[in-house]
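The values are calculated or read from the model by the stated rules, or taken from the named source; none is laboratory data. Keep in mind the model is a prediction, meaning the values are calculated, not measured. When we count neighbours, we look across all protein chains shown, and the Cβ atoms used for this are built from the backbone with ideal geometry, even at glycine. Note: accessible area is taken over every heavy atom of the protein model, side chains too, but ligands, DNA and RNA are not part of it. Shrake-Rupley method; radii C 1.70, N 1.55, O 1.52, S 1.80 Å.
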Amino acid sequence: MSCINGETYLNRIDQLHNQVWINGTKITGRLSEHPAFSGAMKSQAALYDLQHDPAYRKVLTFQPANHSGSAGTAYLQPKTRRDLARRRKAFQVWARYSAGMMGRSPDYMNTVVMNFAACAELFGNTRYSTNMRHFYDYCIDNDISLTHTFIQPQVNRSSVYLESSDEPVAARVIDRNSEGIIIHGARLLATQGGMTDEVLVFPSGNFHFDEAYAYAFSIPANTPGLKFICREAFSDGSVPFDHPLSSRFEEVDSIVLFDHVLVPWDRVFLCGDTDIASRLYKDSGFLPQQVHQVTARNIVKTEFVLGVAQSLVDAINVGEYQHIQGKIAEIIIGLETMKALLTASEVNASVDRWGTMTPDRKPLMAAMSYFPKIYPRFIEIIQLIGASGLVSIPRAADFNMENGAELRKYLQSADRDGYEKVRLFRLAWDLSLSGFAGRQVLYERFFFGDPVRLDSGLYNDYDRSAFTRQIKDFLNRAD
Ligand SMILES: Cc1cc2nc3c(=O)[nH]c(=O)nc-3n(C[C@H](O)[C@H](O)[C@H](O)COP(=O)(O)OP(=O)(O)OC[C@H]3O[C@@H](n4cnc5c(N)ncnc54)[C@H](O)[C@@H]3O)c2cc1C
């Protein structure tokens, strides 16, 4: 088999009958037809279809060695800078489809799998590293979609807290037998939980060096005992006019519960080795490869925000005011900075000890700390430009009723009639004010980790010795 298309993705997930709960109810029918999931699943299916579109096939797929079919470009282990550029182009084709709103488009997790397979020997024990490599092959051959959970429940984040109860809260290994390991407890936070083939579970950053929490594996999302409890959805199946973003790109987040779940040995990548667990992210290309994908997406997202902001300016003709120009300039500066950081990461890429061309982590760490700060400001700028227009937004149905002609007239803007103005402003509302918008801001702030600790990571990782030496030399200058 090779790259799947959208129909295969939808049918496969529907047939898994994953245990997905939402609003207190277990979903029993086709997940792809449930209003909370249909929009995002349709969009995800469209991404898979693009892999077969003659206009995009070349950039979105490649021919992996030792496999009969083609694979998505995110699975390509980059060996050259050209490979990195190829990956970036593929990331951005998919990101454009969702205006950068689908943080968990499959290329995100495919990159995780590619990265850990490339450095599989990090998992130490030959059996585990072999499992990781086999899993990569399996993902390529079947174009597997993945959700993931990398953190523990938010119970007590004090640095001195250690879970001590006999009844696990944070999922841990409670037993092992000839078939595999038994996991019991909860994990956070699986975006797209339930709407993927598999769930990848890796150690959280704060596993406290207890071997019961030092595990990594992937299992089918319909494994007995596995449940996804979803938050309420921000899409109610409305037409795109009403909810232009959430009706299409709402990726529901879920809590993952493991009730004595058996993980077969051939799917275990790590079990009990706290030393490996503590080094996994740092010693692998995880950060640069992931943030390369993320930054490519965030550039596309910023272009979209800039387009919306400028469209608002044009619609109500406020471009002559200096503060408006300044606000648009802020978004442009953000965009150009992100583009420069991504380019720098590729230009200064180097081959790591596993032969993977790895983007330079310094500009990417800067991008990862920078974007969570500028994205909320972008959204504030949309609000500051849109003002009351962001809430003068009747729904599509209102235009079809007897008031339609009046709404077209009274809600007109400088460059378009009321229907078109509301269409634009509903997009700006879904970007800046709706539940979907709020979740996007939270997502960009946190999805890659706590921004405070990301900044600390940058502080600790960035070599500043040359600069302090310069200061010493300067102070010691005789003239
Ligand atoms: C919308 C969204 C989608 C997500 N999707 C996924 C996903 O698909 N898969 C996945 O695995 N994860 C996902 N995450 C989780 C994400 O990785 C975490 O939100 C992130 O790592 C922060 O952890 P936390 O949310 O538990 O926050 P906490 O660690 O509980 O932090 C809460 C607050 O306490 C502070 N704090 C806590 N500990 C410390 C400390 N040691 N030092 C300083 N300050 C501290 C933080 O700065 C923060 O202000 C998602 C998160 C969001 C918001």
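Quick notes on this one:
- Top-ranked residue in the stretch 145-189 [being assigned to a loop (DSSP other than H, G, I, E, B) and more than 16 Å from the ligand (Cβ to nearest atom); ranked as surrounded by the most Cβ atoms within 10 Å (Cβ to Cβ)]: PRO168
- Counting only strands (runs of 3 or more DSSP E) that fall entirely inside the stretch 198-250 and contain at least 2 residues that are surrounded by fewer than 24 Cβ atoms within 10 Å (Cβ to Cβ), in contact with a Gly (Cβ under 9 Å, 6 or more places away or on another chain) and in the same structural domain as ASN110 (by TED's automatic domain parsing), the qualifying elements are 226-230.
- Selection count, the stretch 423-444, where residues are near the ligand (Cβ under 9 Å from one of its atoms) and either surrounded by fewer than 16 Cβ atoms within 10 Å (Cβ to Cβ) or on the phi > 0 side of the Ramachandran plot (or both): 1
- The criterion of at least 2 residues that are β-branched (Val, Ile, Thr) is met, among helices (runs of 4 or more DSSP H) falling completely within the stretch 378-479, by 465-475.
- Test result for MET114, farther than 16 Å from PRO78 by Cα, open to solvent by less than 20 Å² (accessible area, probe 1.4 Å) and outside any loop (DSSP other than H, G, I, E, B): no
- Criterion: within 16 Å of the ligand (Cβ to nearest atom) and free of Cβ contacts under 8 Å to residues at least 40 places away in the same chain - qualifying residue of TYR410, TYR370, TYR459, TYR375: TYR459
Table: residues versus (1) assigned to a helix (DSSP H, G or I); (2) buried (at least 18 other Cβ atoms within 10 Å of the Cβ).
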site	(1), (2)
LEU287	yes, yes
GLN290	yes, yes
ASN298	yes, yes
GLN310	yes, no
GLY319	no, no
ILE333	yes, no
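Per-residue answers, yes or no, for (1) buried (at least 17 other Cβ atoms within 10 Å of the Cβ); (2) modelled with pLDDT of 95 or more; (3) within 19 Å of the chain's Cα centre (by Cα):
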residue	(1), (2), (3)
SER43	yes, yes, yes
TYR48	yes, yes, yes
HIS52	no, yes, no
TYR56	yes, yes, no
LEU60	yes, yes, yes
ASN66	no, no, no
ARG82	no, yes, no
ARG88	yes, yes, yes
PHE91	yes, yes, yes
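- Of the criteria (1) in contact (Cβ under 8 Å) with a residue 60 or more places away in the chain; (2) surrounded by fewer than 24 Cβ atoms within 10 Å (Cβ to Cβ), which one GLY100 fails: (2)
- Boolean, LEU475 is surrounded by fewer than 18 Cβ atoms within 10 Å (Cβ to Cβ), hydrophobic (A, V, I, L, M, F, W, C) and within 16 Å of the ligand (Cβ to nearest atom): no
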